[in-house]
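Written below as structure tokens is the structure these notes are about.
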Amino acid sequence: MGFAFADIAGEPYWDESAYYRFTEGEIDALEAATAEVERISRAAVAHAVAHDLNGPLGIPDGAWPIVKRSWQRAEPSLYGRLDLRWDGTGEPKLLEYNADTPTALFEAAVVQWEWLQCLDDGRGPEQHDQFNGLHEALIGAWGRLGLPPTVHFCCAAGSAEDRGTVDYLRDTAIQAGHEAPFLTMEEIGWNGAIFTDLEERPIEAMFKLYPWDWLLREDFGANIAKARTRWIEPAWRLIPASKAFLSLLWHLFPDHPNLLAAHLEPGLTGGPEIAKPIWGREGSNISAPGIETDGPYADQPRVWQAYAELPRFGGRYPVIGSWIIDGAPAGIGIREDATPVTRDTSRFVPHLFD
Amino acid sequence: MGPMRMAHTITLVLLGGGVMLGGAAMMMPSPGAARQRECQEARAQARPDADQICASARSSSTRTGGSMFYAGGGTGSRGPALAGAAGFRGDPSASSRGGFGGIGRAFSSSSGG
């Protein structure tokens, strides 16, 4: 199947010793919440661009014209993942929006589907279903992004997880009719006018599993504004990718049932809070009641969000990753941890509904 | 009843609080209605993403039952399509390289989230 990262750092990542079972009504609730959060997120991005809110979002002035231009050019998004807290009661709550470099895609789209086909619970796989239209949605989306025939794909060298995710997306692009060569970030060339591949071909469109906040800080970042390359995800995804975006959402949609209160200062939510670095990843440098994690993002500005501890099922704390492909809900993947903080080592657990 | 975490040999019925989720779902707009609303808002605001949103709203508005969750096992399209499409090598003589990737090298794990 090509699942090269079923184990990460010697520990199981894919875990089928258990699975989550939903009703169709519960899946309806998750899908509706995902569509609603996407709706208000797009409205908030439009507001941020219209009012030049890059400062509160932590986006440098030098990068802002690139971000604004990509939004004003209507460069479409391929994918994103909402991380939701939900125990099956009340409304799913947005924890954060992985809008720039979401992973855990291949395992959600392919591996858990194959797991369902092989499930031997005495009822047969045809008696179950799965909220998982990811594969078909991705193939369909490529054809609607207005991209040239060749789309280059890149990520940093050295991460089997990243490479696996990129190779899966290449697969979907190829099935949509694109040529999809791969190169590492370090192999991207600049010839003074355009980005190039290792054969000196111009890179007209580039899928990058590499954060915009890193791209713009690196040596070639200054060339991005000069080049005609189409980037996927587009630069405007920096806006929802900033965790400060959570405070903008709360500001624009206070008391929204799918949001948790969030502010750029501590003590304003009226209860326990979790502090997150605005460009943090994988649960690093988090502060919450009884929780302190370390990591490389300690010097970043933070957002303070009302703390809603993850539900605990069977001794594990799950986060529901709800995928948006081409602007629409398309499926879920669940990661769970033995602690209330979801990290890069948190296990992927499949789901079904019936 | 809330979602259940099922062990393969032991069923764990979770303490979901007993709220009927079907009722909870009915309190929310349907996904199709939400996207139609988003489409209308995007058009009214002349937002650049209106075309993408409205296309999505049209393409997903015909869902019935659970069929849209079907993940396409019958398409035969899940096999690897990458044969012959692997990375390539050429003569990197004209462009300068190495201007991206520096921050990624400083991290030993995934660049994703």
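Key figures for this structure:
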| read-out | value |
| --- | --- |
| Scan of segment A:79-103 for residues that are assigned to a loop (DSSP other than H, G, I, E, B), more than 8 Å from chain B (Cβ to nearest Cβ) and of a type in the set (Gly, Ala, Ser), ordered by number | A:Ala99 |
| Matching residues in segment A:218-232 - criterion: being under 15 Å from A:Glu75 (Cα atoms) and either at the interface with chain B (Cβ under 9 Å from one of its Cβ atoms) or among the aromatic types (Phe, Trp, Tyr) (or both) | A:Trp231 |
| Long-range neighbours under 8 Å by Cβ, at least six apart or interchain, first residue within 9 Å of chain B (Cβ to nearest Cβ) within segment A:198-217, second among the basic types (Lys, Arg) and part of a strand (DSSP E or B) | A:Leu215/A:Lys208 |
| Checklist (1) within 30 Å of A:Glu24 (Cβ to Cβ); (2) within 7 Å of another protein chain (Cβ to nearest Cβ); (3) in contact with a His (Cβ under 9 Å, 6 or more places away or on another chain) applied to A:Gly133, failing item | (3) |
| Boolean, A:Ala108 is open to solvent by less than 10 Å² (accessible area, probe 1.4 Å), at pLDDT 95 or above, more than 29 Å from A:Arg302 (Cα to Cα) and among the hydrophobic types (A, V, I, L, M, F, W, C) | yes |
| Selected residue (criterion: nearest to A:Trp304 (Cα to Cα)) from residues of segment A:204-229 that are part of a helix (DSSP H, G or I) and open to solvent by 10 Å² or more (accessible area, probe 1.4 Å) | A:Asp213 |
| A:Ala43 vs. criteria among the aliphatic types (A, V, I, L, M), open to solvent by 30 Å² or more (accessible area, probe 1.4 Å) and within 11 Å of chain B (Cβ to nearest Cβ) | no |
| Residue in segment A:26-35 that is over 28 Å from A:Trp250 (Cβ atoms), open to solvent by 30 Å² or more (accessible area, probe 1.4 Å) and either at the interface with chain B (Cβ under 8 Å from one of its Cβ atoms) or in contact (Cβ under 8 Å) with a residue 60 or more places away in the chain (or both) present | no |
| Residue in segment A:230-272 that is surrounded by the most Cβ atoms within 10 Å (Cβ to Cβ), counting only those that are of a type in the set (Val, Ile, Thr) and in contact (Cβ under 8 Å) with a residue 60 or more places away in the chain | A:Ile239 |
| Candidate set: segment B:43-74, residues that are part of a helix (DSSP H, G or I) and at the interface with chain A (Cβ under 7 Å from one of its Cβ atoms); chosen: the one modelled with the lowest pLDDT | B:Phe69 |
| Verdict on A:Asp61 being among the acidic types (Asp, Glu), over 20 Å from the mean Cα position of the chain (by Cα) and not in a helix (DSSP H, G or I) | yes |
| Matching residues in segment A:282-306 - criterion: being under 12 Å from A:Val341 (Cβ atoms) and either open to solvent by less than 50 Å² (accessible area, probe 1.4 Å) or not in a loop (DSSP other than H, G, I, E, B) (or both) | A:Glu282, A:Gly283, A:Ser284, A:Asn285, A:Ile286, A:Ser287, A:Ala288, A:Ile291, A:Glu292, A:Thr293, A:Gly295 |
| Filtered residues of segment A:132-160 (kept if in a helix (DSSP H, G or I) and open to solvent by 20 Å² or more (accessible area, probe 1.4 Å)) | A:Glu136, A:Ala137, A:Ile139, A:Gly140, A:Ala160 |
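Table: residues versus (1) open to solvent by 10 Å² or more (accessible area, probe 1.4 Å); (2) at the interface with chain B (Cβ under 8 Å from one of its Cβ atoms).
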position: A:Leu310; (1), (2): yes, no
position: A:Gly314; (1), (2): yes, yes
position: A:Tyr317; (1), (2): yes, no
position: A:Ile324; (1), (2): no, no
position: A:Asp344; (1), (2): yes, yes
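The values are calculated or read from the model by the stated rules, or taken from the named source; none is laboratory data. As the structure is a prediction and not an experimental result, all values here were calculated from the model. Counting neighbours? That spans all protein chains shown, and the Cβs are built from the backbone with ideal geometry, glycine included. For the accessible areas, the whole protein counts, side chains as well, though only heavy atoms, and no ligand, DNA or RNA atoms are used. Shrake-Rupley method; radii C 1.70, N 1.55, O 1.52, S 1.80 Å.
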